[in-house]
Amino acid sequence: MEARIRVTIENAVAAVQLTRSDKMNALDDAMFAALVQTGERLKTEKGVRVIVLSGEGRAFCAGLDMGNFGKMASGERAGGQSSTGESLVTANRTPGGSNRAQHAVMVWREQAVPVIAAIHGVAFGGGFQLALGADIRFVTADTRMSVMEIKWGLVPDMAGLVLMKRLVRDDVARELTYTGRQFTGEEALKIGFATRVCADPRAEALALAADIAGKNPHAIRAAKRLLDLAPDADQATILKEESREQTALIGSPNQVEAVMSNMQKRAAVYAD
């Protein structure tokens, strides 16, 4: 896993970097495994309040490793198999319904804490879908992105269709999926795929992570649970969940600390 992803944890922020820079962090079998293993580990890592996901070198993630496309063309990958040779329609799915390739993305959406993706260079195909797994996405103006699967005669199959529908209009998702055209970070901001355009996405992501890590971690987790409610959840359910989360927070030690630190004009000290 060390050859594909590096994790450093400091001041409650887990910085996760894809480290296959010689291949623009392309997704091979080892990278898929590393993403899943790292994501699952961080779900239970004590003291982590925010995660920053980025790519080392020239790109965030160039998508599926080219060697896998060669295997498809040669017939080495049969119908019903993923690019890594696994069954696509498999009984071995996560409780959320993902196969392994989908879980490499959804494991970041499933984190109890906020995940910020810092995107530069390119985010193509599976790399683009990986970025969608984050709560927040910072990009450079000239980042190039693409729902690129149609170029290879395929459809997005790493949870992209689930995640795109939450972020952009249906017709926009369809146009990008049908054409596979590339678009910049600036356009990504306009249509809803990017949160912020900045010169140094990773530096700004780490700064935002530090800010979030300084807030009541129980309130942040509660907010994420509320924001993660299904888009089609009915109003009564959402209102009830708001009240339930707030009831658990009011008067709790961290909530009292938030009030006292503000009144005393000092930095808060929260317990995980």
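The values are calculated or read from the model by the stated rules, or taken from the named source; none is laboratory data. Only a predicted model underlies this, so the values are computations on that prediction, with no experimental measurement involved. Positions of Cβ are backbone-derived with ideal geometry, glycine not excepted, and every protein chain shown enters the neighbour counts.
Annotations
- One residue from I150, I136, I119 being within 14 Å of the chain's Cα centre (by Cα), among the hydrophobic types (A, V, I, L, M, F, W, C) and surrounded by fewer than 22 Cβ atoms within 10 Å (Cβ to Cβ): I136
- Residues of the stretch 256-272 classified as part of a loop (DSSP other than H, G, I, E, B) and touching a residue at least 12 places away in the same chain (Cβ under 8 Å), total: 6
- So A112, is it over 15 Å from the mean Cα position of the chain (by Cα) and surrounded by fewer than 24 Cβ atoms within 10 Å (Cβ to Cβ): no
- Helices (runs of 4 or more DSSP H) wholly inside the stretch 201-250 that include at least 2 residues being over 30 Å from D170 (Cα atoms) and under 18 Å from the mean Cα position of the chain (by Cα): 201-213
- Selection count, the stretch 4-33, where residues are surrounded by 18 or more Cβ atoms within 10 Å (Cβ to Cβ), among the small types (G, A, S) and farther than 19 Å from F124 by Cβ: 3
- Of all the numbered requirements in (1) within 16 Å of the chain's Cα centre (by Cα); (2) assigned by TED's automatic domain parsing to the domain that holds M106; (3) hydrophobic (A, V, I, L, M, F, W, C), C198 misses one, and that requirement is (1).
- Considered as a group, the residues in the stretch 190-199 that are touching a residue at least 24 places away in the same chain (Cβ under 8 Å) and surrounded by fewer than 17 Cβ atoms within 10 Å (Cβ to Cβ) include one that is farthest from W152 (Cα to Cα), and that residue is A199.
- Residue among L176, L163 that alone is closer than 18 Å to A131 by Cα, surrounded by 15 or more Cβ atoms within 10 Å (Cβ to Cβ) and under 17 Å from the mean Cα position of the chain (by Cα): L163
- Residue within the stretch 137-158 that is out of contact with any strand residue (DSSP E or B) (no Cβ under 7 Å at 6 or more places or on another chain) and of a type in the set (D, E) present: yes
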